[in-house]
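Okay, so here's the structure we're looking at.
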Amino acid sequence: MKQFSEMNLKPGLVKALTKINFITATDVQEQVIPIALEGKDIIVRAKTGTGKTCSFLIPILQKMVEARSPV
């Protein structure tokens, strides 16, 4: 499994995830986050507790961080 720090996320987002003990991505997150970061549509089906919600939220947070960054 990949660390969030290896997933092309902004350092500030990785730092925030680390503060809440999100260090390693689940299998679902590892597969979904890169696709979502590309702006592609995704549908995810997996069992409860696999990290689906964060698979959607982390890319949204990344886009919010990028939108606030100076150009």
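The values are calculated or read from the model by the stated rules, or taken from the named source; none is laboratory data. In this text, all values refer to a predicted model and were calculated from it rather than measured experimentally. Cβ coordinates were reconstructed from backbone atoms using ideal geometry, including for glycine residues, and neighbour counts include every protein chain displayed. When the accessible area is computed, the model is the full protein with side chains, heavy atoms only, and any ligands, DNA or RNA have been set aside. Shrake-Rupley method; radii C 1.70, N 1.55, O 1.52, S 1.80 Å.
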State all residues of the stretch 7-37 that are without any contact (Cβ under 8 Å) to a residue 40 or more places away in the chain, within 16 Å of MET64 (Cβ to Cβ) and of a type in the set (Lys, Arg); if no residue qualifies, say none. LYS15
For the stretch 22-71, enumerate the residues that are open to solvent by less than 70 Å² (accessible area, probe 1.4 Å), within 20 Å of GLY12 (Cα to Cα) and assigned to a helix (DSSP H, G or I). GLN29, GLU30, ILE33, PRO34, ALA36, LEU37, CYS54, SER55, ILE58, PRO59, GLN62, VAL65
